[in-house]
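Please treat every number below as a calculation from the coordinates, not as lab data. Bear in mind the structure is a predicted one, so any value in this text is a computation, not a measurement. All Cβ positions, glycine included, derive from the backbone under ideal geometry; neighbour counts span all protein chains shown.
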């Protein structure tokens, strides 16, 4: 039996394609993750691990019975209790790996690397014997960009199928721009564009009171503007990529994932998400300067604006118009992170894990 363990909902897109192909069961410690998983992926088998209940917890029972445990985060202290073969598949693209984070992976039997960037870092840390070239698993769930599917999705979402669609995907706190940018986009981006706002799951799935009050205000502004959708993790992220024409982001995994479709990118540089802020964060993790410099070339893949930009509409127009100018940078960055768009490596992992399937 295969158990897919995650505390955070954001790991689900990496785990669900394996579940869809092989069966098994999800185990999580968070009721909010279970609710979101059932909402976005109806019918998925999922159980709670309540650590206070020990062996009386259904989640603990399943983890003890598992032949293989697949997870998207290290979870070393918890997973070391169980004897199953352990696979790390990563949630997101894991751009920022310090020595501490790399050492947290050493307890895994298999580390499923996404592409050249990750392989070079982990092989350089002496983990090459554990590495499995799996590719980026969420790509298995990325649909074709189909005009009919796009038209139907936008109609059902109350958006204009004839309009260009902008997708805003910020980082989570403390580096994300949501708190200083979401409202400004609703107020300043012309309603001739469809605007989809999707906060990081750390804000939407496990929303605190402040976040919930903020979402209520944004919903009111959304209705006033028209042609806007506030998606609190009701849609698959892969679907949102497939129907969008421009991704507005401040970094993390989302702009890298958007490169699968070669989507134009527009970067928001707020106080927490500017090049300088991200470089400082990586230096605090003692990440090498050469790696930092190459990672920051993501900002060369599109235009940039700040929360104080007064000409947001013009910048968005230019980002769409100048998309071809940034295409070589987007393609080069994609190849560094992911290698290629083939899904052969993902299927190789599925074949290996099939040995543990029910």
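Computed values, structure above
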quantity	calculated
Distance between modelled label sites at residue 235 and residue 344, nm, 7 Å Cα→Cβ extension	3.4 nm
Residue order, fewest to most beta carbons within 10 Å, for 178, 336, 16	336, 16, 178
Per-residue Cβ neighbour rank within 10 angstrom, fewest leading, 210, 86	210, 86
Residues 193, 261, sorted so that the one with the fewest Cβ neighbours within 10 Å comes first	261, 193
Residue of 205, 40, 337 that the Gaussian network model of the chain assigns the largest fluctuation, springs spanning Cα pairs under 10 Å	40
Span from the the range 107-137 Cα centroid across to the the range 1-78 one, whole angstrom	22 Å
Over the chain: helical MRE at 222 nm, DSSP H runs n ≥ 4 each giving -39500 (n - 2.57), nearest 500	-12000 deg cm²/dmol
Spin-label proximity, residue 76 to the range 100-116 - amide N less than 17 Å from point 7 Å beyond Cα toward beta carbon	100-112
Ellipsoid equivalent to the range 155-258 - semi-axes via the Cα gyration tensor, in Å	19, 17, 12
For the range 147-338, the fraction of alpha-carbon pairs in successive 10 Å shells from zero, as %	9, 37, 38, 14, 2
D_trans [Stokes-Einstein, Kirkwood Rh over alpha-carbon pairs] for the chain, 4 °C, 1.567 mPa s, µm² s⁻¹	61 µm²/s
The chain, relative contact order [Cα under 8 Å, separation at least 6], %	18 percent
Whole-number percent relative contact order across the range 147-338, with pairs defined as alpha carbons under 8 Å at least 6 apart	23 percent
Helix 147-156 vs. the chain, principal-axis angle (Cα, 0 to 90°, nearest 10)	80 degrees
